[in-house]
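Visitor: Have a look at this one before I ask anything.
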Amino acid sequence: MISDFNPIRLNRDKFALETLYDILSTGSSLKGGWGYSKEDAFVFLKEDIDTLNIQNMIIKLRNENELWQSARDKETYQIIRIILEDEMIFADTGKIYEVLYLKVVLFPKKELEKNIEYDEDKMSFRVNLVNIEKNCSDLITSYTAECWFDITKPFPIITQKLQAKEENNLSEKKKITRRVAIYLDIIPSTLLAYFKNVFG
């Protein structure tokens with residue numbers, strides 16, 4: 001696996017960000033930047049909001065758009081997996097932040113069609129990740145990324161959910177975390193196509 005891919009970071013374009021906020025949230029419940037740092041964090045403005053779902057979509061869309069920007073005159077890649085390597089919640093100057101540490105795994109688009117198969121159970125086509133990771137590991141590349149969120153507003157509700165989750169898992173003594181994975185299939189293809197046009 002190659003791990004020297006460096007995607008282009010997205011500019012803090014006001015129109016692009018406002019379009020993102022309008023689509024992913026109800027009303028004015030999100031603001032900020034692209035989440036590359038504490039100063040550029042996505043900010044949740046409401047308490048009762050589905051932070052996990054929105055975070056998953058933001059991560060997918062941001063990384064897809066980085067690839068579109070980076071693909072000009074270069075090898076074109078497709079995201080095949082986003083791995084959540086670590087997460088951290090901490091307080092700083094009266095605000096509460098959540099940082100997600102990610103590993104984004106890519107595969108050349110021109111090779112991808114050779115690894116697509118029909119899933120009879122779901123009656124749809126899917127990428128054979130097992131075959132790619134077993135037989136095409138030399139073509140896989142990856143990069144690491146951080147995504148910052150200001151969760152000060154929804155933090156009381158997040159805390160309640162974590163406490164409930166912890167109580168339900170006390171007997172099993174499992175590590176309690178906010179999530180177990182970043183889901184790639186949560187983003188509708190039509191939305192991805194729309195953002196491809198928005199971000200050029």
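The values are calculated or read from the model by the stated rules, or taken from the named source; none is laboratory data. Not measured: the values here are computed from a predicted model. Because the Cβ atoms are built from the backbone with ideal geometry, glycine has one as well, and the counts that use them run over all protein chains shown. We work out accessible area using only protein heavy atoms, side chains counted, and drop any ligands, DNA or RNA first. Shrake-Rupley method; radii C 1.70, N 1.55, O 1.52, S 1.80 Å.
Visitor: In nm, to one decimal, how far is the I8 label point from the D48 one, both placed 7 Å along Cα→Cβ?
Guide: 4.3
Visitor: Hey, another quick one. Which of the pairs K60/K153; K60/K134; K31/K103; K14/K103; K31/K109; K46/K95 have their Cα atoms more than 21 Å apart in this structure?
Guide: K60/K153; K60/K134; K31/K103; K14/K103; K31/K109
Visitor: Express the carbon and sulfur contribution to the solvent-accessible surface of region 51-160 as a percent, rounded to the nearest whole number, probe 1.4 angstrom.
Guide: So the carbon and sulfur contribution to the accessible surface is 50 percent.
Visitor: Ok, one more. Which trypsin sites (Lys or Arg not before Pro) in region 31-137 sit in a loop by DSSP (not H, G, I, E or B) and have at most 12 other Cβ atoms within 10 Å of their own Cβ?
Guide: Filter output for region 31-137: R72, K74, K122.
Visitor: Gain in length, K31 to T93, computed as 0.36 nm per residue apart minus the alpha-carbon separation, to one decimal in nm?
Guide: Difference between extended and current length: 20.4 nm.
Visitor: Run the numbers for F15 and D119: contour at 0.36 nm per residue of separation, minus the present Cα-Cα distance, in nm.
Guide: 33.5 nm
Visitor: Given R₀ = 22 Å, what would the calculated FRET efficiency be for K38 paired with K103, taking r from the Cβ atoms and rounding to 0.05?
Guide: Rounded to the nearest 0.05, the efficiency is 0.60.
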